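S.K.: My questions all concern the structure below.
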Amino acid sequence: MHGLLVIAVAVVALAATTMLLAKLFNESSSPGPSWVRAGSVSEVQRRQVVYVPEARAFVVAASSTSPLALYARSPHLGERVRYCASSGWFEDRAHGAMFDGLGRYVLGPAPRGLDRFEVRVIDGDVWVDTANLMLGPPRGSGDPHPSGPLCTSQ
């Protein structure tokens, strides 16, 4: 019986060590504990908009800048914001706030554009800092022309 207990403890210790080493290996290039990996730069560029559940953020491939990380909550009352692929806009379906593809305010009750997180690109990977939420851009900066039909009308 004592021998089985020793084996069980050894197996649990080995599993815990393996999990810790895997976590350290996968996050070895992380800028810090509050940073979440969003994917590779090539993946973000290919998909254009990537939802990162661990950060509650959308990472957007911006053509003229590094990727943007947009908080997936409306600055109005904190409702979930969804990306509409047909229009290229972010929509707060609860209250009708709309944001263009870069998270800038377009219409509705929101006081500003979508709030943002700092982004860093390290060794080809996109990282999002979930500890530092920055206020979104002011009203009047968004593109009022969606690229197609709005999802709220569907």
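S.K.: Listed residues Gly96, Gly88, Gly78; which is touching a Gly at 6+ places or on another chain (Cβ under 8 Å) and surrounded by fewer than 17 Cβ atoms within 10 Å (Cβ to Cβ)?
M.R.: It is Gly96.
S.K.: Quick one: how many residues across region 51-62 are hydrophobic (A, V, I, L, M, F, W, C) and not in a strand (DSSP E or B)?
M.R.: The qualifying residues number 3.
S.K.: Can you name the residue in region 107-125 that is at pLDDT below 95, over 16 Å from the mean Cα position of the chain (by Cα) and part of a strand (DSSP E or B) and, of all such residues, is farthest from Leu68 (Cα to Cα)?
M.R.: Per the stated criteria, the residue is Leu107.
S.K.: Output yes when any residue across region 31-39 is in contact with a Gly (Cβ under 9 Å, 6 or more places away or on another chain) and either surrounded by 17 or more Cβ atoms within 10 Å (Cβ to Cβ) or touching a residue at least 12 places away in the same chain (Cβ under 8 Å) (or both), and no when none is.
M.R.: No, the conditions are met nowhere in region 31-39.
S.K.: While we're here: Do we find a residue being buried (at least 21 other Cβ atoms within 10 Å of the Cβ), among the small types (Gly, Ala, Ser) and within 30 Å of Gly32 (Cβ to Cβ) anywhere in region 136-153?
M.R.: Yes; the residues of region 136-153 include at least one that is buried (at least 21 other Cβ atoms within 10 Å of the Cβ), among the small types (Gly, Ala, Ser) and within 30 Å of Gly32 (Cβ to Cβ).
S.K.: With in contact with a Phe, Trp or Tyr (Cβ under 8 Å, 6 or more places away or on another chain) and more than 16 Å from Arg112 (Cβ to Cβ) as the only criterion, which of Phe99, Phe58, Phe90 stands out?
M.R.: That would be Phe58, the only listed residue that is in contact with a Phe, Trp or Tyr (Cβ under 8 Å, 6 or more places away or on another chain) and more than 16 Å from Arg112 (Cβ to Cβ).
S.K.: Then there's this: Which is hydrophobic (A, V, I, L, M, F, W, C) and at pLDDT 85 or above, of Ala13, Ala38, Ala22, Ala62?
M.R.: Exactly one of Ala13, Ala38, Ala22, Ala62 is hydrophobic (A, V, I, L, M, F, W, C) and at pLDDT 85 or above, namely Ala38.
S.K.: Looking only at residues in region 40-50 that are assigned to a helix (DSSP H, G or I) and aliphatic (A, V, I, L, M), which one is surrounded by the fewest Cβ atoms within 10 Å (Cβ to Cβ)?
M.R.: Taking the candidates together, the pick is Val41.
S.K.: How many residues are hydroxyl-bearing (Ser, Thr, Tyr), in a loop (DSSP other than H, G, I, E, B) and out of contact with any His (no Cβ under 8 Å at 6 or more places or on another chain) when one looks only at region 63-94?
M.R.: Number of matching residues: 6.
S.K.: Identify all residues within region 34-49 that are under 13 Å from the mean Cα position of the chain (by Cα) and β-branched (Val, Ile, Thr); write none if there are none.
M.R.: Scanning region 34-49 gives Val36, Val44, Val49.
The values are calculated or read from the model by the stated rules, or taken from the named source; none is laboratory data. Only a predicted model underlies this, so the values are computations on that prediction, with no experimental measurement involved. Glycine gets a Cβ as well: all are built from the backbone with ideal geometry, and neighbour counts include every protein chain shown.
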